[in-house]
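What follows draws every value from the coordinates through simple rules; no lab data is involved. Treat the numbers as computed from the prediction; the structure is a model and nothing was measured. Positions of Cβ are generated from backbone atoms using ideal geometry, with glycine treated the same way; all protein chains shown enter the neighbour counts.
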Amino acid sequence: MVEWTDQERTIINGIMTSLDYEDVGAKALCRCLIVYPWTQRYFGAFGNLYNAEAIKTNPQIAAHGVKILHGLDRAYKNMDNIKETYAELSVLHSEKLHVDPDNFRLLADCLTIVIASKMGNAFKPDVQAAWQKFLSVVVSALGRQYH
Ligand code: HNI
């Protein structure tokens, strides 16, 4: 099981509670779809993804970005049991959606970039370390049902 120090918990709590879900969720998913265009293949039913502008102004993508952050919320509220918390979501992504699990890491990195750019100087190395540890556990838990 993953161990969290008080400092890590405080940092993750600080980021999650100050997160603007609408803004960050949309920006992170858009960035993922633009930077790694093969991730668009899973969103064929989401309308126009023709170019970066279309992706950034697509309301279905923005709404889905928020949904993903609500998914992240579950991990943050169950820090000591992230694997179990994500068991169902992992099955959904593997068996129903057939999302390549490598893409979880890509989206997690986009999320980190968006948050870092919003936090600026406050995104210090120890903050980044705790945040990336949290996302690594999320990525691993989401990929768990693939093995
Ligand atoms: Ni993901 C649906 C959470 C990464 C493609 N995804 C969901 C839902 C949640 C969620 C929550 C809604 C489930 C439901 O309806 O019961 N996804 C997460 C989280 C991450 C993630 C927390 C990583 C941090 N998803 C990804 C990635 C892709 C992805 C990387 C593809 C590149 N997800 C999808 C698709 C759906 C989805 C596709 C279904 C969308 C729909 O509504 O049809």
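Observations on the model:
- Per-peptide packing, taken as the mean over residues of other Cβ atoms within 10 Å, places 122-132, 28-38, 57-67 in the sequence 28-38, 57-67, 122-132 from highest down.
- For LYS27, the lysines whose Cα falls under 22 Å of its own Cα, not counting residues fewer than eight places away in the same chain, are LYS56, LYS67, LYS118, LYS124, LYS133.
- Ranking of GLU3, GLU22 by neighbouring Cβ atoms within 10 Å, starting from the fewest: GLU3, GLU22.
- Computed from the Cβ-Cβ distance with R0 of 30 Å, the FRET efficiency linking ARG105 to LYS77 stands at 0.85.
- Karplus-based coupling profile of region 38-49, in residue order and whole Hz: 5, 6, 5, 4, 7, 10, x, 8, 9, x, 6, 10, with θ = phi - 60° in 6.51 cos²θ - 1.76 cosθ + 1.60 and x standing for Gly or Pro.
- ³J(HN,Hα), Karplus 6.51/-1.76/1.60, whole Hz, each residue of region 97-103, x for Gly, Pro: 8, 6, 7, 4, x, 4, 5
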